[in-house]
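The values are calculated or read from the model by the stated rules, or taken from the named source; none is laboratory data. Keep in mind the model is a prediction, meaning the values are calculated, not measured. Neighbour counts are summed over all protein chains in view; Cβ atoms, including those assigned to glycine, are modelled from backbone coordinates with ideal geometry. The accessibility values were calculated without ligands, DNA or RNA, using every heavy atom of the protein model including side chains. Shrake-Rupley method; radii C 1.70, N 1.55, O 1.52, S 1.80 Å.
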Amino acid sequence: MKLYLYVSSCLLSIKLCRIQGTSFRVIEETEDMIEVSFMTTWNSSLSYSFPLNVDTRFIMLRGVSGFYSYAIMEHLEGWPDLNVDEARIAFNLHQEMFHYMAVSDSIQTPMPTAYDRMEGLVLDYKEAVLLTNPSNPALKGKVDDKYQFSYDNKDSLVHGWISSHPHIGFWVITPSNEFRAGGPVKNDLTSHAGPTSLAPFFSGHYAGSNFGIRLRNGEPWKKVFGPIFIYLNSRSWADAKKQMQEETQKWPYDFPSSEDFPHANQRGTVRGRLLVRDRYLNPHFMPAKSAYVGLAPPGDVGSWQTETKGYQFWSQTDEHGYFTIRGVRGGTYSLNTWVTGGMGHKYENDIFIESGSQIQLGNLVYSPPRNGPTLWEIGIPDRTPAEFYVPDPAPEFKNDLFINPTEKYRQYGLWDRYTDLYPDQDLVYTVGTSDYRKDWFFAHVNRRTNSTSRFEATTWQVSFDLKNIRRKRGTYTVHIAIASATCKQLQVRINNPNRIRPHFTTRLIGRDNAIARHGIHGLYSLYSFDVPHFQLVHGRNTIYLKQSQGKNPFYGVMYNYIRFEGPPKIDH
């Protein structure tokens with residue numbers, strides 16, 4: 001087992017550190033358990049040492065098939081500046097034993113070895129390799145890419161490997177997401193060829209290079225990562241899932257000895273009910289069904305997506321909008337929500353949690369961004385572009401593991417399929433005629449030119465008919481919810497594609513790189529802007545969406561949802 005950190009003590013130096021203990025001690029030992037510590041302490045006299053203390057702990061319990069591990073990281077007040085870009089525990093298994101990997105019910109497969117990858121053909125980036133002469137002939141002609149096996153935090157609770165000789169299953173179980181960064185929909189790696197299994201705590205994958213711990217001006221910081229559970233069984237995925245469910249039900253564990261890990265009786269509970277108020281859909285308050293409600297360190301609206309230093313606690317509402325958030329560490333949090341079917345984020349005032357506290361918030365109201373009635377919409381406001389058209393891969397890259405429609409976006413090279421479908425003219429979507437499930441490409445990317453190493457910017461069109469334009473108080477609204485962006489400047493023009501200055505621009509946004517990494521989303525963002533009535537015409541109108549950054553096949557944006565609203569209704 002290896003605990004890795006990507007750290008730097010200045011902005012120009014980034015280093016991959018394998019954390020090795022400088023001291024060892026037994027924390028607790030009884031007939032039923034043992035907990036040991038490998039402590040790494042900062043030594044300011046050593047040039048290769050970084051200003052961070054790391055206490056890596058291991059726990060074994062009698063009668064339990066596996067072991068637990070967690071890490072306590074600490075940066076003391078007054079210490080030098082520090083960047084930690086990534087933290088994870090990595091398990092490199094014996095490649096002569098482990099050839100079969102499972103990361104979900106639908107993604108289970110024989111895997112190539114590290115040597116198979118070395119002998120393969122590197123594709124558009126080094127992580128993607130076409131297997132040309134693998135040790136398992138059934139894998140010949142397949143693409144291997146670790147990003148194809150990424151999952152959201154909320155869905156990545158167990159994954160691992162199976163050995164046939166001897167019969168062993170090796171499983172990484174993450175029983176809680178409270179110590180992971182970026183919230184429940186932060187995407188990250190799981191298991192991949194090596195054979196490797198990861199327990200990622202935070203990384204810039206699907207978030208960007210600025211995602212991570214940034215400690216400045218002597219800021220003190222301390223956080224407990226884990227415990228995670230390494231479970232060993234006799235090859236059964238079903239048994240590993242059952243064990244995962246048992247571990248999540250036991251959280252928070254009552255056996256870690258560190259005072260920095262509060263047990264269940266030292267934690268608080270928050271209850272409430274979330275209602276939705278959108279007067280253009282329903283004059284009454286509606287229960288927010290299956291909405292996410294979470295506690296995260298205080299910040300701006302939506303800041304939980306990029307928050308890394310603290311802890312987060314999330315729950316989902318039931319069909320009546322009620323929610324319960326259990327096992328909350330003491331501290332100050334903001335309450336964050338988002339609703340499937342509603343755009344944007346919402347957060348309430350700060351909430352202070354004390355040890356053992358029971359807080360009842362009562363009814364909370366979520367009012368999605370809304371200026372007027374919906375005239376037309378494209379997509380579903382669910383934070384991903386999964387409902388849009390995801391193309392088949394090029395035949396030479398097809399992987400039968402991802403032919404299920406819900407997994408199809410994982411296929412390699414889909415960004416290149418846009419050029420095949422639109423070789424000369426860009427996408428045109430006609431409201432009332434087009435079907436976003438068939439006619440809206442899932443990612444707005446660049447077009448490949450005749451020179452395969454060059455790409456050009458693309459402009460999509462949304463055409464719609466408009467009658468009875470309101471002149472008095474006639475301001476229309478466009479909402480554009482973005483599920484992912486990479487080096488993207490989205491420029492929007494109304495009825496004039498050649499206008500020098502766009503009616504609206506996001507400016508340069510995004511570094512989540514979800515397009516290249518086979519993701520279906522990165523960081524969510526919402527942009528809204530007004531369209532005065534005089535910019536519209538009676539009859540056919542067109543909105544031009546220009547992805548202005550060319551040069552790279554992976555630059556682009558994934559739209560989640562677009563809505564065009566009429567002027568506010570006049571109440572009499």
Computed [θ] at 222 nm, helices only, for the chain once each DSSP H run of length n ≥ 4 contributes -39500 (n - 2.57): -1500 deg cm²/dmol
Here, ASN468 and PHE255, labelled 7 Å along Cα→Cβ, have an inter-label distance in nm of 6.9
Using r as the Cβ-Cβ distance of SER106 and HIS284, and R0 as 41 Å, what FRET efficiency do you calculate, to the nearest 0.05? 0.55
Please list, by residue number, everything in segment 35-54 whose backbone N is under 18 Å from a paramagnetic label point 7 Å out along Cα→Cβ of GLU77. 52-53
Can you tally the lysine pairs in segment 216-320 where the Cα-Cα distance is under 24 Å and the two residues are eight or more apart, or on different chains? 5
Under 17 Å from a point 7 Å along the Cα-to-Cβ line of HIS320: which residues of segment 336-366 have their amide N that close? 360-364
Straight-line reach check, LYS398, cutoff 23 Å on alpha carbons, 8 or more apart in-chain or any other chain, hits among lysines -> LYS126, LYS140, LYS142, LYS146, LYS408, LYS438
To the nearest 10 degrees, how steep is helix 237-250 against the longest Cα principal axis of the chain, on a 0 to 90 scale? 90
Would you please report the Å³ per residue occupied by the convex hull of the alpha carbon atoms in segment 392-533? 144
Using only Cα atoms, locate the centre of segment 55-71 and the centre of segment 191-215, then give the distance between them in Å, rounded to an integer. 22
With the cut-off at 1.5 for a/c, could you classify segment 66-140 from its C-alpha gyration tensor as rounded, prolate or oblate? prolate
Could you work out the relative contact order of the chain, using alpha carbon pairs under 8 angstrom and six or more residues apart, expressed as a whole percent? 12
Give me the percent of the accessible area of the chain that comes from carbon and sulfur atoms, probe 1.4 Å, all protein chains in place. 48
Tell me the relative contact order for segment 295-361 as a rounded percent, counting alpha carbon contacts under 8 Å between residues six or more apart. 32
Accessible solvent surface per residue of segment 330-457, calculated while the other protein chains remain in place, 1.4 angstrom probe, Å²: 48
Using a 1.4 Å probe on the protein heavy atoms only, what accessible surface does ARG235 show? Give it in Å² to the nearest 10. 100
Starting from 0.36 nm per residue, how many nanometres of slack lie between ASN210 and SER44 once their C-alpha separation is accounted for? 57.2 nm
Could you give P(r) for the chain, binned at 20 Å from zero, as whole percent values over all Cα-Cα pairs? 19, 50, 28, 3, 0
Taking only C-alpha pairs under 8 Å that are 6+ residues apart, what is the relative contact order of segment 156-237 in percent? 40
Cα-based equivalent ellipsoid of segment 290-352: semi-axis lengths in Å, sorted from largest, via gyration tensor: 19, 14, 9
If ligands, DNA and RNA are left out, what is the accessible area of HIS167 with a 1.4 Å probe, given in Å² to the nearest 10? 110
How much net charge surrounds SER453 when only other residues with a Cβ under 11 Å from its Cβ are counted (Lys, Arg +1; Asp, Glu -1)? +2
Need the full-extension length gain, LEU421 to GLU29, defined as separation in residues times 0.36 nm minus the C-alpha distance. One decimal, nm. 134.7 nm
FRET E, pair HIS263, PHE352, Förster distance 35 Å, beta-carbon r, rounded to 0.05: 0.95
Test of understanding: what is the full-extension gain from PHE529 to HIS94, defined as 0.36 nm times their sequence separation minus their Cα-Cα distance? 151.1 nm
How large is the accessible surface of VAL276 in square angstrom, using a 1.4 angstrom probe and rounding to the nearest 10? 20
Using the heavy atoms of the protein chains and a 1.4 angstrom probe, tell me the accessible area per residue for segment 470-572 in square angstrom. 44
Highest mean packing first, using Cβ neighbours within 10 angstrom, the peptides 92-99, 109-116 sort as 109-116, 92-99
Alpha carbon centre of segment 434-460 versus segment 272-298: separation in Å? 36
Would you mind getting the accessible area per residue of segment 114-153, heavy atoms of the protein chains only, 1.4 Å probe, in Å²? 49
Give the lysines reachable from LYS488 as a straight Cα distance under 18 Å; neighbours fewer than 8 places away on the same chain don't count. LYS546, LYS551
Size descriptor, Kirkwood hydrodynamic radius, that averages inverse alpha-carbon separations across segment 199-250, Å: 14.6
